[in-house]
1. Test D179 against the stated conditions and say whether it is touching a strand residue (DSSP E or B) at 6+ places or on another chain (Cβ under 9 Å), among the acidic types (D, E) and under 16 Å from D39 (Cβ atoms).
2. If S134 passes every condition in (1) under 22 Å from G55 (Cβ atoms); (2) small (G, A, S); (3) open to solvent by 10 Å² or more (accessible area, probe 1.4 Å) but one, which one does it miss?
3. If I filter region 72-108 down to residues being part of a loop (DSSP other than H, G, I, E, B) and of a type in the set (D, E, K, R), which single residue comes out as farthest from I131 (Cα to Cα)?
4. Can we say R257 is closer than 26 Å to N88 by Cα and touching a Phe, Trp or Tyr at 6+ places or on another chain (Cβ under 7 Å)?
5. Name the pairs: first residue in region 203-223 and free of Cβ contacts under 8 Å to residues at least 12 places away in the same chain and more than 10 Å from M53 (Cα to Cα), second residue open to solvent by less than 40 Å² (accessible area, probe 1.4 Å) and of a type in the set (F, W, Y), Cβ to Cβ under 9 Å, at least 6 apart or on different chains?
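The values are calculated or read from the model by the stated rules, or taken from the named source; none is laboratory data. Just so it is clear, the structure is predicted and the values come from calculations on it, not from any experiment. FYI the Cβ positions are ideal-geometry reconstructions off the backbone, even for glycines, and counts take in every protein chain you see. Just the protein is used for accessible areas: all its heavy atoms, side chains included, with ligands, DNA and RNA removed. Shrake-Rupley method; radii C 1.70, N 1.55, O 1.52, S 1.80 Å.
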Amino acid sequence: MRNRFLLIVALLLSVSPLLAQRSKSDNPAAPGFDMAGSDPRAVQIADEVMRAMGGRKAWDQTHFIAWTFFGNRRLVWDKWTGNVRVDNLKNDQTVVLNINNDQGRVYRNGKEEINADSVAKYVKAAKGAWINDSYWLVMPFKLKDSGVTLKYIGTDSTEAKQPADVLQLTFKGVGNTPDNKYKVWVDKTTRLVSQWAYYPKFTDEKPGFILPWTDYQTYGGIKLSGKRGPRELSDIRVFTGLPGEVFTSFERPDLNRY
């Protein structure tokens, strides 16, 4: 009996490092993620969310994503290069830029903007729009992003009465609004994000909003949700290839061709 017990212990000790290594390699944190300040349980749940969304490999292999933000802006994002197109659907303004080097061009009022200060202003605004609009779409993939600290709050039910694990996200020196705080509900069964709450400041006790994440669908190899209660991210598309002029021409592309 003793020999059998020792054998089981030995097997567990030999397997545990392999499991730990596999978990670590499945979804490595971005440089600058606050691993020391984050709860191990919260990090584990973040990895479960990544797997439920299609997995880290599928996310890394996702090349182009397009979507419309609340009917106001149409965005196309090249994840691999950082090229982004932002078309304002309420007027003729279009900005094509690269979010990695903050270089871009601006079309508005029927012509290309050539004043350097104006170009810089509109490129900065377009990058801010991309930061905001992409977070509304792909936040579940960014739980272990640079500057993020994850805390496990416990269990709770969503407003739709679905049981969930709750994570808290705070930020250190990243994005346009690093004082923000989010709470994220992760469904107990699906391990998909089912609700989130936004707090303008991490010291706030009452959220600015609480909204559901529903209507998950598979695009390419990943899952994305477009329904946020009364608000909607629509026309979501994932592409394996798009022509270069999507990110250089001011003529608005017909993405249904690709």
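1. Values: touching a strand residue (DSSP E or B) at 6+ places or on another chain (Cβ under 9 Å): yes; among the acidic types (D, E): yes; under 16 Å from D39 (Cβ atoms): no.
For D179, the condition - touching a strand residue (DSSP E or B) at 6+ places or on another chain (Cβ under 9 Å), among the acidic types (D, E) and under 16 Å from D39 (Cβ atoms) - is not met.
2. (3)
3. Pass one, region 72-108, residues part of a loop (DSSP other than H, G, I, E, B): 72, 79-82, 89-93, 99-102.
Okay, now just the ones that are also of a type in the set (D, E, K, R), so 79, 90, 92, 102.
Numbers: K79: 13, K90: 20, D92: 21, D102: 13 Å.
Per the criteria, the residue is D92.
4. Values: closer than 26 Å to N88 by Cα: yes; touching a Phe, Trp or Tyr at 6+ places or on another chain (Cβ under 7 Å): no.
When the stated conditions are applied, R257 does not pass them.
5. Close Cβ pairs satisfying both conditions: E205/Y199; K206/Y199; G208/Y199.
Here's the yes/no breakdown for (1) under 21 Å from the mean Cα position of the chain (by Cα); (2) open to solvent by less than 10 Å² (accessible area, probe 1.4 Å):
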| site | (1), (2) |
| --- | --- |
| E112 | no, no |
| D117 | no, no |
| K142 | yes, no |
| K161 | no, no |
| L169 | yes, yes |
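One line per residue, one yes/no per condition, for (1) in contact with a Ser or Thr (Cβ under 8 Å, 6 or more places away or on another chain); (2) hydroxyl-bearing (S, T, Y); (3) farther than 30 Å from R51 by Cα:
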{"position": "Q93", "(1), (2), (3)": "no, no, yes"}
{"position": "N98", "(1), (2), (3)": "yes, no, no"}
{"position": "N109", "(1), (2), (3)": "no, no, yes"}
{"position": "A129", "(1), (2), (3)": "no, no, no"}
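This table checks each residue for (1) over 17 Å from D145 (Cα atoms); (2) touching a strand residue (DSSP E or B) at 6+ places or on another chain (Cβ under 9 Å); (3) modelled with pLDDT under 95; (4) surrounded by 15 or more Cβ atoms within 10 Å (Cβ to Cβ).
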site	(1), (2), (3), (4)
D39	no, yes, no, yes
N83	yes, yes, no, yes
L89	yes, yes, no, no
I99	no, yes, no, yes
Q103	yes, yes, no, no
R108	yes, yes, no, yes
